[in-house]
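First up is the structure itself, then whatever we jot down about it.
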Amino acid sequence: MPAIYSAPDGSKEAAVLEKLRRVIDPDFGEDIVNCGFVKALNVDESAGNVLFAIELTTPACPVKAEFERQAKAFVGELEWVKNVRVTMTAQPARNDAPETVEGLRRVRHIIAVSSCKGGVGKSTTSVNLAYTLAMMGAKVGILDADVYGPSLPTMISPESPVLEMDKGTGTITPVEYEGVKVVSFGFAGQGSAIMRGPMVSGLINQLLTTTDWGELDYLILDMPPGTGDIQLTLCQVVPITAAVVVTTPQKLAFIDVEKGVRMFAKLAVPCVSVVENLSYFEVDGVKHKPFGEGSGAAICEQYGVPNLLQMPIVPELSACGDTGRPLVLRDPACKTSSRYQDVAATVVREVAKLNNGKKPRVDIDPGYDGAFRVELPGENDDKPFWITAKNVRMSDTSARVKGSDESPDRLLNGTPIPDDIAPIEMSVIGNYAMSVTWPDGLSQVAAFNTLAKLERLPARAS
Ligand SMILES: Nc1ncnc2c1ncn2[C@@H]1O[C@H](COP(=O)(O)OP(=O)(O)OP(=O)(O)O)[C@@H](O)[C@H]1O
Ligand SMILES: [Mg+2]
């Protein structure tokens with residue numbers, strides 16, 4: 001969290017801050033002063049002028065206008081105040097890209113749009129999400145990481161559809177369409193230097209490490225389907241902030257999507273939303289579900305991934321996909337565009353929470369027989385609670401989901417789970433789950449909503 005602004009008691013500045021404490025950020029459940037958003041407060045008491053900035057975590061903040069309105073109204077209540085000037089700003093872009101990925105240095109957040117299955121609507125989701133974020137005021141880029149079947153060239157129509165490569169520095173400049181920067185193999189051009197890499201992951205690496213994205217708030221990664229080498233390369237080279245998982249409603253899709261969620265869990269990349277695409281179509285107000293239902297909800301329930309959003313079957317989406325102009329640009333006021341606004345607002349909110357919200361913590365407590373000490377914001381009055389490692393392990397249902405007859409109280413080799421089982425590795429994934437590797441090789445994604453339901457040991461002074 002950024003530093004909290006303070007002022008001497010009894011001063012006019014303190015009175016202004018007191019008023020600003022009534023503006024609450026709905027995501028963090030905190031006021032904007034405590035969130036550290038208030039900056040550069042300047043009071044001219046004799047003239048009745050108050051100047052300050054509200055620095056948000058992202059320029060695409062969905063509550064930006066509301067914050068500004070409330071801040072002005074509350075400060076305006078002070079009797080000596082005649083003018084309130086608020087500047088709305090956003091924190092400077094930065095991420096922890098490795099030194100070698102210079103071109104990503106000023107990219108604030110990288111969002112992977114992914115699914116294990118082909119053709120479920122990743123590219124459609126990526127492109128419409130990207131342009132919606134841009135319309136919300138963010139600087140956005142899209143990387144189409146599909147080497148075999150790049151989709152971007154049919155979905156957008158830039159004036160100059162060829163990536164430029166600086167011969168001296170080897171830097172690639174993205175193509176631009178309607179203010180969004182785009183890189184795709186489809187724009188690499190025949191015989192260009194970019195295409196001469198020996199292997200696909202080499203190509204991906206080259207695009208990732210030599211593209212100069214400049215300053216971006218969000219880089220959307222349109223991932224190719226699967227959980228193979230390309231996906232791993234992407235996740236390892238690029239510091240992905242969060243993933244949006246795209247699925248379809250069929251029960252069979254669950255198995256594929258599950259693989260994806262587990263891959264991200266292993267890499268400690270949090271999934272912030274599940275978009276269930278092709279969910280239904282509506283005729284005369286009646287919803288028809290030709291592909292069945294349940295896959296999206298099952299993922300959210302089992303893995304604790306928040307925010308299930310359903311996207312209906314919309315013929316215009318498919319039509320726009322071929323015309324070179326995404327639907328959200330063509331018809332920003334239509335129902336489908338407003339659903340993409342929901343997806344975008346969810347991404348913005350969850351990413352802001354990941355960076356600035358209270359973080360969950362899970363540790364092994366050596367002084368308590370190796371029990372898990374768990375601290376989850378919003379759970380148990382924010383106080384820690386303790387659960388046994390064995391119960392955590394037994395809460396894993398993945399073996400049963402896969403249809404095997406393995407019992408949850410057995411290790412993978414069939415012997416009973418010992419009472420003193422201890423993980424060999426664990427890490428927190430976003431704010432919804434943790435990834436645990438056990439000595440028998442099982443890697444578990446333990447959703448916090450599952451952990452919260454396990455039997456608790458008596459609390460102890462920490
Ligand atoms: N909600 C929708 N309604 C109607 N058509 C859709 C919808 N979503 C996607 N489509 C269409 O389905 C096809 C596949 O979508 P898309 O290319 O986005 O999938 P993908 O997951 O990126 O595929 P691939 O695995 O090949 O990369 C496209 O023709 C697209 O226009
Ligand atoms: Mg695609």
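The values are calculated or read from the model by the stated rules, or taken from the named source; none is laboratory data. Every value quoted in this text rests on a predicted model; they were computed, and no experiment measured them. We place every Cβ from the backbone using ideal geometry, glycine too, and count neighbours over all the protein chains shown. Just the protein is used for accessible areas: all its heavy atoms, side chains included, with ligands, DNA and RNA removed. Shrake-Rupley method; radii C 1.70, N 1.55, O 1.52, S 1.80 Å.
Rounded to the nearest whole Hz, the Karplus-based 3J(HN,Hα) values (6.51 cos²θ - 1.76 cosθ + 1.60, θ = phi - 60°) of segment 439-453 follow the sequence x, 7, x, 5, 10, 10, 9, 9, 5, 4, 5, 6, 4, 5, 8, with x at glycine and proline.
Across segment 56-61, coupling constants 3J(HN,Hα) worked out from phi with the 6.51/-1.76/1.60 Karplus curve, θ = phi - 60°, read 8, 6, 8, x, 8, 4 Hz, and Gly and Pro carry x. Using heavy atoms of the protein chains and a probe of 1.4 Å, the accessible area assigned to Lys335 is about 150 Å². Think of each Lys and Arg Cβ as +1 and each Asp and Glu Cβ as -1; about the Cα centre, that makes the dipole of segment 322-375 roughly 340 debye. Take the Cα of Glu379, step 7 Å toward its Cβ, do the same at Asp229, and the gap between the two points is 3.9 nm.
Convex hull volume of the C-alpha atoms in segment 323-363, normalised per residue: 105 Å³. Remark: accessible surface ordering of Ser273, Ser318 (largest first) is Ser318, Ser273, probe radius 1.4 Å. Go through Lys117/Lys289; Lys122/Lys358; Lys289/Lys358; Lys64/Lys359; Lys167/Lys266 and tell me which ones have a Cα-Cα distance over 28 Å in this structure. Long pairs (Cα-Cα over 28 Å): Lys122/Lys358; Lys289/Lys358; Lys167/Lys266.
If I model a spin label at Leu442 and Arg69 as a point 7 Å from the Cα along the Cα→Cβ vector, what separation in nanometres do I get? The modelled label-to-label distance comes out at 5.1 nm.
Calculated over segment 12-90, the projected area of the Cα convex hull averaged across directions stands at 4.5 nm². A Förster radius of 60 Å, combined with the Cβ-Cβ distance separating Arg361 from Arg85, puts the computed FRET efficiency at roughly 0.90.
The magnitude of the dipole of segment 12-90, with charges of +1 and -1 set on the Cβ of Lys/Arg and Asp/Glu and taken from the Cα centre, is near 200 debye. Antiparallel beta bridges, as assigned by DSSP with both residues in the chain, represent about 50 percent of the total such bridges. Stokes-Einstein diffusion of the chain at 4 °C, 1.567 mPa s viscosity, Kirkwood radius from Cα pairs, rounded to a whole number: 53 µm²/s. Taking every alpha-carbon pair under 8 Å whose residues sit at least 6 apart, the chain reaches a relative contact order of 13 percent. Normalised by the number of residues in segment 102-356, the average gap of Cα pairs under 8 Å and 6 or more apart makes the relative contact order 26 percent.
PRE reach from Glu178 (point 7 Å along Cα→Cβ): which of segment 342-356 fall under 20 Å by backbone N? Under 20 Å, as judged by backbone N against the label point of Glu178, lie 342-348 of segment 342-356. Restricting segment 353-461 to trypsin sites (Lys or Arg not before Pro) that sit in a DSSP loop and have at most 14 other Cβ atoms within 10 Å of their own Cβ leaves Lys402, Lys453, Arg460. DSSP beta bridges fully contained in segment 102-356 are about 20 percent antiparallel. Across q = 0.14, 0.16, 0.22, 0.32 Å⁻¹, segment 230-284 modelled as identical point scatterers on its alpha-carbon atoms has Debye log10 I(q)/I(0) values of -0.44, -0.54, -0.86, -1.29, in the order of the q list. With all projection directions averaged, the alpha carbon convex hull of segment 102-356 covers 13.3 nm².
FRET efficiency for the pair Val286 and Ser157, taken as 1/(1 + (r/R0)^6) with r the Cβ-Cβ distance and R0 = 45 Å, rounds to 0.80. Rolling a 1.4 Å probe across all protein chains gives Glu77 an accessible area of roughly 100 Å². Site pair Arg460 and Asn413 shows an inter-label distance of 2.9 nm when each label is modelled 7 Å from Cα along Cα→Cβ.
Its alpha carbons give segment 361-451 an Rg and a Dmax of 13.1, 39 Å.
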